Amino acid sequence: MTSALLTPPADSLDLPARTPGRTLPQPYYTDPDIFSADLRRVFYANWLFAGHSCEVAAPGDFLAFSVGDESVLIVRDADGVLHAHFNVCRHRGSRIATQERGHAKALVCGYHQWVYSLDGCLASARLMGDDFDKAAYGLRGIAVRELAGLVFVCLSPAPPPFQPAADAIAPQLAPHALERAKVAARFSYDVRANWKLLVENNRECYHCRGGHPEFCLSNFDLGMNGDPRVNGSYAATLEREYKRWKALGLAPADVSFPDGSFYRVSRLPLKAGYRTESLDGQPVAPLLGDLTEAGTGSLRVVTLPNSWSHANCDYALTTRLTPVGSELTRMDLAFLVRDDAIEGVDFDLDRVTDVWKATSEQDWQLCENNHAGVRSVAYEPGPYSAVTENSVESFILWYERQLASPTTLEMSDVQ
């Protein structure tokens, strides 16, 4: 089969220049042409967090994840192998799965009932004649990886390296055993802001003290990548907790976007008296995975361009970002607890979600306010703090490198 064009060639963009150390010029947050380039050069070309292994735990379990014009269908086959396919029937292009998640013995296109096995091979195509070659019309495959209970996909036929991220993140996240967890609650939001403003907000805690009262009960506003601030209490807590975590068999380490890469993982301490990120500091659900005691800090995982997660001793939160338009972004929160934990017996769902639901909604409001101001004729790029916003500058540098590397995504049939 000859190579098929996935998206049009990346056109030449007349991009306004940015002064290093300052925010992006206004068009990067509002211009539809730049947004289109963001999809092609950033989201279609990089690894994206799509969901959780526990959502596709059994053969036939599937989830669908959309970004831009593309929809990805992730499914586990009878041998336990995870597959990802473009959610596009090879007959006349109809979407196959129309629900975000579900279970099926086979993948059936509802338009003309073409039937695909879970591995993507075409099993049946009625009324196509005796000479029709089913083997030539399997679903187009997409790269997929599982990482300590998290599922990532890459739409590019030449994905960037993933193994370094797995090597860094898995040893720290694996004890939480998210593959043996379950999603206890989901919340989705349409945020009226450009996706980059949401990532920028996540990459600093300059706003935390004034914007996140619930978060600041348990968390220091220190420890962000690129934030050089330190105080005696935080330094002593970090040293003490690293020793204790190592004694528990954990492997704490700060791995922050090495060599300009897309990932960060770091286990950060909580304030005295707080054993998890809850309003009173007490665990709100049974211990996750292989953890043997509470008080394992807050394990933070960031993967650019679309996810950040917090794993506590008793629950985990994942945040997935999906750009919808130049001025609209979908944010999906998922809260995970042990798969055998029973709501109302082992955990109170409100206590599991209260800190991070409040904190996330506060962020969405801050970002909407930010975007509204950026749209003004009075907006001009402002200076990043050299004390608290170095990680924001690092993200913008990463973004600029992606945007400067236009790609024409082509893909040969994967049978």
Of all residues in region 67-95 being within 17 Å of GLY149 (Cα to Cα) and of a type outside the set (D, E, K, R), which is surrounded by the fewest Cβ atoms within 10 Å (Cβ to Cβ)? GLY80
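Out of ASP69, ASP61, ASP38, which single residue is of a type in the set (D, E, K, R), closer than 27 Å to ALA316 by Cβ and within 23 Å of the chain's Cα centre (by Cα)?
ASP61
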Counting only residues that are in a loop (DSSP other than H, G, I, E, B) and among the charged types (D, E, K, R), how many does region 247-269 have? 1
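Does region 9-35 hold any residues that are among the polar types (S, T, N, Q) and either crowded, with 20+ Cβ neighbours inside 10 Å or within 23 Å of the chain's Cα centre (by Cα) (or both), and which are they?
Across region 9-35, the qualifying residues are THR23, THR30.
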Any residue at all in region 138-146 that's farther than 21 Å from SER66 by Cβ and within 17 Å of the chain's Cα centre (by Cα)? no
Of all residues in region 355-378, which are surrounded by fewer than 17 Cβ atoms within 10 Å (Cβ to Cβ), more than 18 Å from GLU214 (Cβ to Cβ) and touching a Phe, Trp or Tyr at 6+ places or on another chain (Cβ under 9 Å)? GLY373, ARG375
Is there a residue in region 270-281 that is part of a strand (DSSP E or B) and within 27 Å of ASP167 (Cβ to Cβ)? yes
Restricting the first residue to region 339-354 and requiring it to be surrounded by 13 or more Cβ atoms within 10 Å (Cβ to Cβ), which pairs with a second residue that is assigned to a helix (DSSP H, G or I) and of a type outside the set (Asp, Glu) meet a Cβ separation below 7 Å and a spacing of at least six or different chains? ASP339/CYS54; ASP339/ARG180; GLU343/LEU349
So ASP332, is it of a type in the set (Asp, Glu), within 30 Å of CYS89 (Cα to Cα) and under 20 Å from the mean Cα position of the chain (by Cα): yes
Is at least one residue of region 304-315 among the aromatic types (Phe, Trp, Tyr) and not in a strand (DSSP E or B)? yes
Listed residues VAL301, VAL284, VAL230; which is surrounded by 20 or more Cβ atoms within 10 Å (Cβ to Cβ) and in a loop (DSSP other than H, G, I, E, B)? VAL284
Mind checking which residues of region 41-92 are of a type in the set (Phe, Trp, Tyr), under 20 Å from TRP308 (Cβ atoms) and not in a loop (DSSP other than H, G, I, E, B)? PHE43, PHE49, PHE65
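Each value in this text was obtained by applying a stated rule to the coordinates, not by laboratory testing. Please read all numbers here as calculations on a predicted model, not as lab measurements. When we count neighbours, we look across all protein chains shown, and the Cβ atoms used for this are built from the backbone with ideal geometry, even at glycine.
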